[in-house]
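We did not get these values from a lab; they are worked out from the coordinates using the rules stated. Only a predicted model underlies this, so the values are computations on that prediction, with no experimental measurement involved. Here Cβ is always computed from backbone atoms with ideal geometry, including for glycine, and neighbour counts include all displayed protein chains.
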Amino acid sequence: MFGRRRPRPTPADQTGSLGIGALVQVVDSGRDDAWIDEPIGLIVAPGGQQLAGYAGAGVPVAWTVAFDEPAYTKDGRGPYERATVPSRLLVAVEPDDPAAPGV
């Protein structure tokens, strides 16, 4: 009755693949925060102090991604070696995935 509630799964939890050490691709959002050529990188840290959910859940809404090549945004900013990227723009890729050339 007064036990701990289980956290609800978020889209990142449903794939079970976003977290430190995950290989990810930044996908086009169709918004101003879009990246050129959907760069690939490695999650190296949570994205600052941005957390969502209820108390104790600690679900990151952004991750710090280290890119394998310099990355640029569509509005011309860059090059970035690392960037804080919203979780909604990240898709996990497998190392042998054709979307991850050279990995």
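Assorted remarks:
- Per-pair calculated FRET efficiency, R0 = 41 Å: Asp32 and Asp96 via Cβ, rounded to 0.05: 0.80
- Under 5 Å, built H, 5+ apart or other chain: amide partners of Lys74: Ala34, Trp35, Ile36
- In nm, spacing of pseudo-spin labels at Val61 and Asp75 (7 Å Cα→C-beta vector): 1.8
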